[in-house]
Every structure is written in structure tokens, then in C-alpha cells.
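K.L.:
Sending over a structure as C-alpha cells; questions will come in a sec.
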Amino acid sequence: MYKGYITDIDGIKVGHAQNFDAGTGLTVLIPPKGNTASVDVRGGGPGTRETDLLNPVNTVSEVSALVLSGGSSYGLAGSIGVVEELEKDGIGFEVPSGIVPIVPQSILYDLDYKSYKIRPDKKMGRDAYKNASFDENRQGIIGAGTGATVGKALGKEFSMKSGLGSATICVGDLKVSAIVAVNAMGDIFDDEKNKQIAGILENNKFIPTLDVLEKIHQENSLNTTIGIVATNGKFNKTELRKVASMTHNGYARAIRPVHTMMDGDTIFSLATNKVSADLNLVGSLGAKVMARAIANAIYFSKIENSSEFI
């Protein structure tokens, strides 16, 4: 049995920390030793840390952790707490004087959700690291999804709550999983049902984003969808770059439109290198599982007995 969560991949731990009152949070994924990782960054407004290391032409191929967080560029401070805890545990890239933990990070914009002044910081990063578990399976308003919203293009009063979603697909011994914090500009669809489930909402009816795209003001549409696709398949960094690229098709299936100048979409790809696997299959499953995880971010963020408005 599996949980439908990225911790279905053996050896992966996930931890969350958040401030519900402030409406922001952080999620850390800690992979097993011997992993490989890459990334594909798209959209006009990404915010990242250490992603250049994951370029296939560069040296480092193994990561110590991956971080997804709110807080916009302020939230990049959260990974420092993760780095410090990894150093205490002796996990990182070996150098003559010790170790250097490799912790790439991507951030989303949630500063206008509740409190502009409280953002993920070193303490939140440390807390998320200490909370990490092989059994973590929470979705919705948790971790990096705490302050995530969608449908903000015409102003906050038309927006809906989103959050963190995850999903897993198994084919024999092969597993492909995704985790994603959905803070998109575009309309959100359940791709497998071909049904819109979130977006610009007025009087309980959706306004298609494409119909108002020319009217959107930058200040009303600060977005980013950030995620990780992981597999137990065996892949090098160049192959994982292609997996991340193909997984972006899952964004396109579930977020319409996507990768605009008002988005900062990032997908990390990670392999634990346990079973032989076909690149085309894993990339295709990555797109499918990411689209499913995006839908789950909406489904698990619905607040019982309350309006869907923020």
C-alpha cells in the first residue's frame, strides 16, 4: 500500500513548519544518500537558491535536501536553518575542511495573504527539518502551501484558497511521486476529470482567466507554483533535467494559462536510484502525477463549513 504522498518513495523524509496566523510556511524534503537531482525553472518571476548547481554541466549531482517555501525572496532564509541542521548531522558535500550541505530552494509569493512581516526564517527551516518523517502524508494548508492562493488576478476578493498537494503512481516496482505548492495565476483544473476546480470566483461562478488576461495588473497577480517530482528509478542529472521538463506538462494540464510573466514556476526532479526505469515513461508519469497533485492541493485545502473565498 502507498499513501499517495511523496514519502511513498523509500528513503524520502518530508517535514513541515508553518505559522497559520501569519499565513506562511516551509516544506523540506530530505532524500537518501546516493540520490541525483536536477531542476527546470520557468515563468517570468521565479525565486530560487542553488539551482545552478543542478545544471547538468556542473559538478554536484546529489542534494542534501530540497526546500519549498512561502515568503517570496525573504523566505530564502529558511534554507539556512536546514543547512545548519544538516551540518550538525554530518550530511553534505565533502570538502577538505568538513562538509557543505547542498540545499536548493524555490519560493512562492504569499506576503499579501495574511501578514507581510512574518516569513519563513532560519527557525522555521530548523523546525521543518526536525519535523521530517518517513510517514508524513498531510496535504492542503500545511508547510509551503499554508499561504498559497489562486484566482488573484482581479484582486483578493475573487481569489480562492489553495495549498500543498501530493500524489503517487506505481508501475510494478517503479514509483513516481510529486509534491507541489499551488500559487498560480491560471485557472486550476482536475485534468483527469477535465473540470475546473479553482480560479477567479465571482458569485460562485468562475471567470476564465483568459477572458480577463489583458486587464490583469501585476500587483494583483504575484504567483508561483513550486514542486518536486521524485522517483526510485535510476537516472543521471541530464536525464533528470528532461524528467523535470516533461513534468512541467503536468502544470500545463492543470493550470491554464501557465508559465506566464506573472508566474515563477519551478520543478525539482530527484531520483533515489533503486530500480531501472525508462526515461520516457517516468517523464510521462511525472506529468500525470504532478497534475493530480495540483488538483489535490485544491481538494485538501477546502475549509469545512466556510466560504471558498479567503
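Here is a yes/no grid of residues against (1) of a type outside the set (Gly, Ala, Ser); (2) touching a residue at least 40 places away in the same chain (Cβ under 8 Å):
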{"site": "TYR2", "(1), (2)": "yes, yes"}
{"site": "ALA17", "(1), (2)": "no, yes"}
{"site": "GLY25", "(1), (2)": "no, yes"}
{"site": "SER61", "(1), (2)": "no, yes"}
{"site": "LEU68", "(1), (2)": "yes, yes"}
{"site": "VAL82", "(1), (2)": "yes, yes"}
{"site": "LYS88", "(1), (2)": "yes, no"}
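K.L.:
Among GLU94, GLU87, which is the only one that is assigned to a strand (DSSP E or B), open to solvent by 70 Å² or more (accessible area, probe 1.4 Å) and over 30 Å from GLU202 (Cβ atoms)? Before you say what the answer is, go through the steps one by one.
P.N.:
Working: GLU87 fails: assigned to a strand (DSSP E or B).
Among GLU94, GLU87, only GLU94 is assigned to a strand (DSSP E or B), open to solvent by 70 Å² or more (accessible area, probe 1.4 Å) and over 30 Å from GLU202 (Cβ atoms).
K.L.:
What number of residues within the stretch 255-306 are outside any helix (DSSP H, G or I) and of a type in the set (A, V, I, L, M)?
P.N.:
Taking the stretch 255-306 and keeping what is outside any helix (DSSP H, G or I), we get 255-278, 300-306.
Among the residues that remain, those that are also of a type in the set (A, V, I, L, M) are: 255, 258, 261-262, 267, 270-271, 275, 277, 303.
Result for the stretch 255-306: 10.
K.L.:
Which residue pairs have Cβ atoms closer than 8 Å, lie 6 or more positions apart in sequence or on different chains, and pair a first residue in the stretch 103-114 that is closer than 11 Å to ALA144 by Cα and at pLDDT 95 or above with a second residue that is among the basic types (Lys, Arg) and open to solvent by 10 Å² or more (accessible area, probe 1.4 Å)?
P.N.:
SER106/ARG49
K.L.:
Just one of the numbered conditions (1) surrounded by fewer than 19 Cβ atoms within 10 Å (Cβ to Cβ); (2) of a type outside the set (Gly, Ala, Ser); (3) under 24 Å from GLY163 (Cβ atoms); (4) at pLDDT 95 or above is not true of ARG253; which one?
P.N.:
(1)
K.L.:
Every residue in the stretch 58-84 that is more than 19 Å from GLY264 (Cα to Cα), of a type in the set (S, T, N, Q) and open to solvent by 20 Å² or more (accessible area, probe 1.4 Å), please. Step through it out loud before you land on a result.
P.N.:
Going residue by residue through the stretch 58-84, those that are more than 19 Å from GLY264 (Cα to Cα) are 58-65, 80-84.
In the following step, the residues that additionally are of a type in the set (S, T, N, Q) were identified as 58-59, 61, 64.
Correct list: ASN58, THR59, SER61.
K.L.:
Can you name every residue in the stretch 187-204 that is more than 15 Å from SER301 (Cβ to Cβ), in contact (Cβ under 8 Å) with a residue 60 or more places away in the chain and either buried (at least 19 other Cβ atoms within 10 Å of the Cβ) or touching a strand residue (DSSP E or B) at 6+ places or on another chain (Cβ under 8 Å) (or both)?
P.N.:
Within the stretch 187-204, ASP187, PHE189, ASP191 meet the criteria.
K.L.:
Here's something else I'd like to know. Give the stretch 8-44 a look and list any residue that's among the hydroxyl-bearing types (Ser, Thr, Tyr), open to solvent by less than 10 Å² (accessible area, probe 1.4 Å) and either closer than 22 Å to LYS237 by Cα or assigned to a loop (DSSP other than H, G, I, E, B) (or both), or say none.
P.N.:
In the first step, residues of the stretch 8-44 are kept if they are among the hydroxyl-bearing types (Ser, Thr, Tyr); the result is 24, 27, 36, 38.
Remaining after also requiring open to solvent by less than 10 Å² (accessible area, probe 1.4 Å): 24, 27, 38.
Result: SER38, single match.
K.L.:
If you take the residues in the stretch 147-186 that are open to solvent by less than 10 Å² (accessible area, probe 1.4 Å), of a type outside the set (A, V, I, L, M, F, W, C) and within 24 Å of GLY286 (Cβ to Cβ), which one is modelled with the lowest pLDDT?
P.N.:
GLY186
The values are calculated or read from the model by the stated rules, or taken from the named source; none is laboratory data. It should be emphasised that the depicted structure is a prediction, and the values quoted were computed from it without experimental measurement. Reconstructed Cβ throughout: ideal geometry from the backbone, glycine too, with neighbour counts over all protein chains shown. Side chains are part of the model used for accessible areas, which takes the heavy atoms of the whole protein and leaves out ligands, DNA and RNA. Shrake-Rupley method; radii C 1.70, N 1.55, O 1.52, S 1.80 Å.
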